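Encoded as structure tokens, the structure appears first; notes follow it.
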Amino acid sequence: MLFFDGHCDTVIKVLDKEFDFITGEGTGSVSFPDMVRVGVCTQLFACFVLSKTYPNQTRQRAEAMIETINSMAAATEGKMKVALTADDVKSACSGGPIAAIIGLEGADPLEGEVEALRHFFALGVRSLIIAWADNPFSGAVFGSGSPLTAKGTSLVELAEELRIMIDLSHISDQGFYDVLQISCRPFIASHSNCRAICPSTRNLTDDMIRKLADRGGVMGINFSSGFLSPHFHQRISALRKEFSAYADDDRHSQEKRIKAEIAALERPKIDWIAQHVKHAINVGGEDCIALGGDLDGVASTPQGIDRIGDYPKITQLLDREGFTLSQIEKICFRNLTRVFTEVLP
């Protein structure tokens, strides 16, 4: 079985010297040896930079991440290459080099300039999450929930002109529907689950899943425990609410305790992945569902899923749950391969 994973945050750890992608040494979860061993044909590497974290340096930080991904690919001596075209993705799942797709997780590095997307396209960016947090282009689910702005409309239009994949994970609900009205090509929600099963606002409603599927798009199941299990989500939400109630002076002293309690929560069973896959298929059909693990971007994953080398367990799970080989192939790599092949230049 091949795997196309729609989202990971590993490049942050590589750039910050916390992880060696080539040897697998360090705290990261997506290593080159594991990718080769389990048959990863394509991996989207997210460049996640928030303007509030890197004020006046978001563009430079994103550029450093892009250069890091290029260096990661170069170190594989031709076994992995940065994918710039549909043919690169198609080749990766037909015996060619592993495809590394570069994505911006949030449009903050554009620093409010729509035309800056051309610069990042030239650097190799082929996927764009419009808003992780509120920015000049749109509100986000963890922000104000505000709609797409006029600049956001122009950004969607330019992304489609350049043939950059539009990714609606993290965007506000209203922003999702705004993009639906503006866009013409398929889009993805690279790492979002089913809100009907787990009520996090980061997940998609059934109507969103249908609309995404009708457009020919794909959603990638996120392996974050808080987006999979409603019980885990409820507990973690209560802890975060408790933390937000503390006065600013007390937050620093309480933050370590809250994080320790979250880390100590029992991880949900891997079966929750299958539950979200089943629901998505029931709502949108078997062509709309894929994997978007969000490895190295989440604090907790289901039991048995610690790194990309564990992905064969998902294949085994889906087989036990009665999915056909054709369905499993679509979920594991064919659906994302199809949509990226259609959208990329």
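Every number here is computed from the coordinates shown, using simple stated rules; none is lab data. Keep in mind that what you see is a predicted model, and the values were worked out from it rather than measured. Counting neighbours? That spans all protein chains shown, and the Cβs are built from the backbone with ideal geometry, glycine included.
Of all the options Ala264, Ala159, Ala131, the one that moves most in a Gaussian network model of the chain with Cα springs shorter than 10 angstrom is Ala264.
Rounded, prolate or oblate: which fits region 280-333, taking a ≥ b ≥ c as square roots of the Cα gyration tensor eigenvalues, rounded meaning a/c under 1.5, else prolate when a/b beats b/c?
Numbers: a/c = 2.21, a/b = 1.54, b/c = 1.43.
Prolate shape, in that a/c is at least 1.5 and a/b is the bigger ratio.
Converting phi to 3J(HN,Hα) with the Karplus coefficients 6.51, -1.76 and 1.60 and the offset θ = phi - 60°, region 39-53 yields x, 6, 8, 8, 9, 8, 9, 8, 9, 9, 9, 9, 5, 6, 8 Hz in sequence order, with x at every glycine or proline. Here the Gaussian network model covers the chain, with springs between Cα atoms less than 10 Å apart; of Ala46, Ala245, Ala86, Ala245 fluctuates the most.
Based on other C-beta atoms within 10 Å, arrange Glu242, Glu286 from fewest to most.
On the way: Glu242 13, Glu286 19.
Ranked by crowding around the Cβ, least crowded first: Glu242, Glu286.
Multiplying the residue separation of Leu180 and Arg210 by 0.36 nm and removing their Cα-Cα distance gives an extension gain of 9.6 nm.
Across region 109-126, computed HN-Hα scalar couplings (Karplus, 6.51 cos²θ - 1.76 cosθ + 1.60, θ = phi - 60°) run x, 6, 6, x, 9, 4, 5, 5, 4, 4, 4, 6, 4, 4, 7, x, 5, 10 Hz from first to last residue, x flagging Gly and Pro.
Recomputing Rg and Dmax of the Cα atoms in Å from the coordinates shown identifies the correct label among (1) 21.2, 70; (2) 22.0, 77; (3) 18.8, 56 as (3). Across region 229-240, coupling constants 3J(HN,Hα) worked out from phi with the 6.51/-1.76/1.60 Karplus curve, θ = phi - 60°, read 9, x, 5, 5, 4, 4, 5, 5, 5, 5, 5, 5 Hz, and Gly and Pro carry x.
Using only side-chain charges placed at the Cβ, +1 for Lys and Arg and -1 for Asp and Glu, the dipole size of region 78-156 relative to its Cα centre rounds to 360 debye.
Look at Asp271, Asp296 and count the other Cβ atoms within 10 Å of each Cβ; fewest to most, that gives Asp271, Asp296.
Going by C-beta contacts inside 10 Å, put Val339, Val218, Val298 in order with the fewest on the left.
Working: Val339 24, Val218 32, Val298 17.
The order, fewest Cβ neighbours first, is Val298, Val339, Val218.
Residues whose amide H comes within less than 5 Å of that of Ile221, counting only those at least five positions distant or on another chain, are Ala290, Leu291, Gly292 (H built at 1.01 Å from N in the peptide plane). Taking label positions 7 Å along the Cα-Cβ direction at both Glu342 and Ala75, the computed distance is 3.6 nm, reported to one decimal.
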